[in-house]
Amino acid sequence: MDTDSPSPLKDSDPVFSDKTPTPLGAEEAKLFRDVCQAAGYTSPRLEERFGLLVPPPSDRLPAALGATLGGRLDQNATPFDVLAKAFFLGTAVAAETANALLPDGFIRICLQCGLLVSDGTDYCPTALVAPVGTALLASDLQRIEYQDEAQFVPAICDAALHLNAVAIRQPVGRTLDLCSGFALHGVLSCPHSETVVASDLNPRAEAFARFNAALNGFDNLRAVTGELFDAVKGERFNLILANPPFVISPDAMTTYRFNPIELDGFVRQMLSQAADHLEEGGILQTICEWVEVQGQDWQDRLRGWLADSGCDAWILPANRQLPASYARNTLAQTISDEAELAAQQAKWENYFQQQRVEAIQGGLIFIRRRSGNNWFDVTQMTKPIRQPIGDAIARGFSNRDLALGDGEDALLASRLTVANGLRQVETSHWKEFRWLRDSIVLHLDDGLPVSIGIDEYVRTLLETFDGSRPVLECLDRFANQVGLAIETGRKQGTAMVRSLLKNGILVTTGR
Ligand SMILES: C[S@@+](CC[C@H](N)C(=O)[O-])C[C@H]1O[C@@H](n2cnc3c(N)ncnc32)[C@H](O)[C@@H]1O
């Protein structure tokens, strides 16, 4: 087998191609999936092999990858190596190697639909096909040089993985993947939705969405093209998932990533229009960024965006950056030239100063259309989320309805129990012949990770919740145990129960 030419890219590589692969028929799609499955071409295997879940730019492959699959494949290569090299790293594979390791039918399908082109000696990928969960998703090749193309359709990124991890995956009627790109969220919603719409400004995204639905064997996804909600005018959904262009900058450098309206204006516009596209009880989940403006509480600012929307809002900030580090971190992802980086950074910092931006926050925003008094709640996230926790997010909504919803009666009548898996870590120090307690910290690792310090009172209160009696009775037991007047125990205990419910430490029993 070939050993020459270590270059991962070929001179003949197409500059950005406006073509998209032609959707596969049901049998061809099944063969494609079966070959990938048999080769073990899955995201856990890619992570194990490369330490990556997100394809690296093929025109800037990390040196460690260049030394392995970035170069030519050797005689020990496996079908996984060929698939990973072509469809995850986006680099050419020798036709001889690919023909020897992959079934004829597979190569034929790839050439026919345009995923691969042959130059006589090599097969060059025209698109990536990355495994994400149970799906395979095609997108444009991940190349820094393509990113300025208005019609570039990016591959899976960290933000998309985060949104995917928190997406509520319960059976629903209609789901919308908004700003869908290659329709990762839409395709992964197909199994639990009656119908899915994937909508994006970019017509090439529509083509990739259609290709990906067919590739994964789904016929309940409709792909459309339009600005924000324009292509779904008058339609309502039970679930909307959106990873919009949210990066905040003085001049939106690329369509797929940068907020095109002043500061975080695009996210504000999306949220303010969302209620009109949600059914009662319908939820929008988005990953995005927003700014803190000098002299204004950022929570009040977001509350203002949603005032009169008829929606509950649950905000989960994950990281906060000062303008200088935000500019540096964001720009360094695509600019390697130090002089250009410094010039752009100065421009960005100047813009943030003019706009009186004190910090930029990134995180998740979930809103739910609901008649009644709407609640607004903020939960600080402490760790990145990788495992699917959609069920915990759905519980988070119902727990907040009890904790923050209308009146106290429903809360006091409910039966709660302590979440399974709750851990308690107690630290003490030795002083003058005895242990003195320093702290009691509760940790919840399932769902949204939680770590909170509590005192002896809260611990006693928690122990009264075994799911067998209503909250009111638990509060009275608690008051008796700690020697508080019943009224005081009820009042203080109710506030604690609200907080424990919101943290997921207390859960409803359904009784
Ligand atoms: C960050 S990418 C997300 C792609 C994909 N949903 C994901 O999670 O990987 C943002 C997408 O929004 C699309 N977009 C940008 N501006 C838009 C607009 N005004 N209306 C609708 N879609 C837009 C871009 O074309 C791009 O596909």
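FYI, it's all coordinate maths here, none of it is from the lab. Being a predicted model, the structure only gives us computed values, none of them experimental. Heads up, the Cβs are rebuilt from the backbone with ideal geometry, glycines too, and the neighbour counts pull from every protein chain shown.
Between segment 79-132 and segment 431-467, how many Å separate their Cα centres?
55
Would you kindly state how much longer the chain becomes between A252 and D409 on full extension, computed as 0.36 nm times their sequence separation minus their alpha carbon distance, in nm to one decimal?
51.5 nm
Given a Förster distance of 22 angstrom, what is the FRET efficiency for S499 paired with S398, based on the Cβ-Cβ distance and rounded to 0.05?
For S499 and S398, the calculated efficiency is 0.85.
Can you grab the distance from the C-alpha centre of segment 328-379 to the C-alpha centre of segment 241-270, Å, no decimals?
So the two Cα centres are separated by 9 Å.
Dipole of the chain, Cα-centred, from +1 at each Lys and Arg C-beta and -1 at each Asp and Glu C-beta, to the nearest 20 debye?
1420
Once label points are set 7 Å from the Cα along Cα→Cβ at both N329 and N420, what is their separation, rounded to one decimal in nm?
Here the answer is 3.6 nm between the modelled labels.
Could you give the dipole magnitude of segment 261-383 about its Cα centre, charging the beta-carbon of Lys and Arg +1 and that of Asp and Glu -1, in debye to the nearest 20?
220
Per residue of the chain, what 222 nm ellipticity follows from adding -39500 (n - 2.57) for every DSSP H run with n ≥ 4, rounded to the nearest 500?
Result for the chain: -10000 deg cm²/dmol, rounded to the nearest 500.
Between A339 and K383, how many nm apart are label points set 7 Å from Cα along the C-beta direction?
Calculated label separation equals 4.6 nm.
Report, as a whole number in µm² per second, the diffusion coefficient that Stokes-Einstein gives for segment 26-131 at 20 °C and 1.002 mPa s using the Kirkwood radius over alpha carbon pairs.
156
Evaluate E = 1/(1 + (r/R0)^6) for T22 and D276, where r is the Cβ-Cβ distance and R0 equals 60 Å; express this FRET efficiency to the nearest 0.05.
0.95
Using 0.36 nm per residue of separation minus the Cα-Cα distance, give me the extension gain between E463 and E262 in nm, one decimal.
Result: 67.3 nm gained on full extension.
Within straight cross-link reach of K502, meaning Cα distance under 27 Å, which lysines are found once same-chain residues fewer than 8 apart are removed?
Straight-line reach from K502, under 27 Å: K383, K491.
What length, rounded to one decimal in nm, is gained on full extension from Q354 through to S439, with 0.36 nm per residue of separation minus their alpha-carbon distance?
Using 0.36 nm per residue and subtracting the Cα-Cα distance, I get 26.1 nm.
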